[in-house]
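Notes for the one structure printed next.
Derivation of every value follows stated rules applied to the coordinates shown; laboratory data play no part. Predicted model only: the values in this text are computed from it and were never measured. Reconstructed Cβ throughout: ideal geometry from the backbone, glycine too, with neighbour counts over all protein chains shown.
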Amino acid sequence: MAIEITARSLADTQQADMSSGEVIQPRELSGVPERSIPVSRFLRRSLRWTRRNFSSRAKLLSGGEVLILSAPKSGRTWIRTFLCAYLCKRHGLEFTLQPGRYDPPGFPRVIFSHDRFEHRTKGNRWDRLRGKYLVPRRELRKAKIVLLVRDPRDCFFSLYLQMTRRDPSADAALKQKSVGELLRDKRFGIRGIVRAMNDWLDEFSGRKDFTIIRYEALRASPAEHFRDLLAVVGETTLDMSIFQKALEFSRFENMQKLEAAGVFDSKILHPGDVRDPESFKVRRGKVGGFREYLSAGDQECAIQALVELDPRFGYSS
């Protein structure tokens, strides 16, 4: 499949060119030096030992057949909208962005989580001690893992707007920071996104049921990659009529209209201020849009952060 990266293909990888928006193909992933084996083993062992969830929220992150993990603002609402539109129609159910309310035979349970990123940025010390935002290790063993990734620079700037324009629960001190200050923030800045992406790749790259989806490839060819995503969740025989309707429903322009009208049954898709386009959950979705907002100095800082990102993701300046 076009979007699948298995343990075998990750063993030999090379950096892909992001300017074309093409998806990472196994044949394109060859030649990049691997990290040293002792370090990789140490990291994986450490990540396993730190993954636990003793909170009541663990139940919400359990029972998934497919787990879709991502840093914030990587495009998961788009994926969620498409999957819900297709699966609900396929099973004759009313559309919802909360598919967990349905449990008919054959309806796949897909769980979305920011996992390690939220673990480090959300809640208090007690939440982190309990691992409140982590998917339990036992659940990871039972589910297919999909990692949705996006250029950390675009992720960061969209996250900045979310925190300052639409999230009423965001820390007041963070809201007062300039974009450059937040870019350099240890937890919420670009290096926090890079760290989470690296940790997920270290943790899951050895698994045969691990898939990476790049947002840029999805934007370039949504029909192709949404078709592959449905195969990952078990929908191998598509109803093309429903598929085309789901594609149309999840177009950015349509999602923006629906968000502005407040028709969704979830707070996931509600603008912070209908008069402010930058406060919408579905904002622009533009590849490389960060360049229109970050100063030259901030862009240079972001480039330095990308040096720390695993080259197998294929993102560079």
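Think of the stretch 51-109 as having a plus end and a minus end, set by charges on the Cβ of Lys, Arg, Asp and Glu; of N53, L87, P99, N53 sits farthest toward the positive end of this dipole. Around the Cα centre of the stretch 115-213, unit charges on the Cβ atoms of Lys, Arg, Asp and Glu (plus for the first two, minus for the last two) sum to a dipole of about 320 debye. What separates the Cα centres of the stretch 193-249 and the stretch 71-112 is a distance of 13 Å.
What dipole magnitude, in Debye to the nearest 20, does the stretch 189-243 give about its Cα centre under +1 on Lys/Arg Cβ and -1 on Asp/Glu Cβ?
The dipole magnitude comes to about 220 debye.
For the peptides 118-129, 184-195, 220-231, the ranking by mean Cβ contacts within 10 Å, running from highest to lowest, is 184-195, 220-231, 118-129.
Listed cross-link partners K59/K144; K59/K245; K73/K186; K142/K208; K122/K186; K59/K175 are compared with a 23 Å cut-off, the Cα-Cα value being larger for K59/K245; K59/K175.
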